[in-house]
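Visitor: Have a look at the structure that comes next, please.
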Amino acid sequence: MSEYLKPLPVIQSFSQPFWDAAKDGKLLVQKCNSCGSSIFFPRDRCPECWSEDLGWIEASGKGEIYAFSVTYEGVEKAFKEDLPIVLAWIDLPEGIRMQTNIIDCNPDDVSIGMAVEVTFKKATDDINLPYFKPVSG
Ligand SMILES: [Zn+2]
């Protein structure tokens, strides 16, 4: 495998469970044990009630495209191999909206409301990055 040259997440103590699960192909969503809010991206306290009593739930991995755009050119060198790039906001049934890339499809086939599912790509030995792709079948 060639060296991964794109930016990588900075893993912190409160986001470590998210990245550990990603290595196992699981998508976790943070949940506040005080007010019940779903939280994404991972944080050290709830953005709704400021509680530090946070837990995790495993997401279904399913989602729906809320909005998207397609980039055909004008990206950093390391991303050129990925063009065209579909950047999207995905609504998850767990109650969060997540920014991600839609992969493994023709960008012309992407539409708002499209059903998508999570897929992971290995970036380094320690990091699997979550992406989404159209639900097959
Ligand atoms: Zn809360």
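Visitor: Which of I96, I65, I112 moves most in a GNM of the chain, Cα contacts under 10 Å?
Guide: Sorting by GNM fluctuation, first place goes to I112.
Visitor: Then there's this: In the stretch 35-97, which trypsin sites (Lys or Arg not before Pro) fall in coil by DSSP and have 15 or fewer other Cβ atoms within 10 Å?
Guide: The qualifying sites are R43, R45.
Visitor: So, one more: With +1 assigned to the C-beta of every Lys and Arg and -1 to the C-beta of every Asp and Glu, and no other charges, what is the dipole magnitude of the chain about the Cα centre in debye, to the nearest 20?
Guide: 60 debye
Visitor: Rg and Dmax in Å for the stretch 97-137, alpha carbons only: what are they?
Guide: When restricted to Cα atoms, the stretch 97-137 yields Rg and Dmax of 11.3, 34 Å.
Visitor: Starting from the eigenvalues of the Cα gyration tensor, five times each then square-rooted, give me the equivalent ellipsoid semi-axes of the chain, largest first, whole Å.
Guide: In descending order the semi-axes read 26, 19, 13 Å.
Visitor: Work through the residues other than Q12 whose Cβ is under 15 Å from its Cβ and net out their charges, Lys, Arg +1 and Asp, Glu -1.
Guide: Result for the neighbourhood of Q12: -2.
Visitor: In addition: Compute, for the stretch 1-58, the length of the dipole vector about the Cα centre, with Cβ point charges of +1 (Lys, Arg) and -1 (Asp, Glu) only. Units Debye, rounded to 20.
Guide: The dipole magnitude comes to about 120 debye.
Visitor: Let me check I've understood the local charge: for W89, count other residues with C-beta under 13 angstrom from its C-beta, Lys and Arg +1, Asp and Glu -1. What total comes out?
Guide: The answer is -1.
Visitor: Per the chain: cysteines with no other Cys C-beta under 4.7 angstrom?
Guide: When partners are defined as cysteine Cβ atoms under 4.7 Å apart, the chain leaves C105 without one.
Visitor: When the chain is fully extended, how far beyond the present Cα-Cα distance does E64 get from S111, taking 0.36 nm per residue of separation?
Guide: That works out to 16.0 nm of additional length.
Visitor: Using the structure shown, select from K26/K62; K31/K122; K6/K121; K23/K121; K77/K122 the pairs with a Cα to Cα distance greater than 18 angstrom.
Guide: Result: K31/K122; K77/K122 exceed 18 Å.
Taken together, the values in this text are just the output of simple stated rules run on the coordinates, not laboratory data. Since the model is a prediction, treat every value here as computed from it, not as a measurement. Ideal geometry is used to build each Cβ from the backbone, glycine not excepted, and the neighbour counts take in all protein chains shown.
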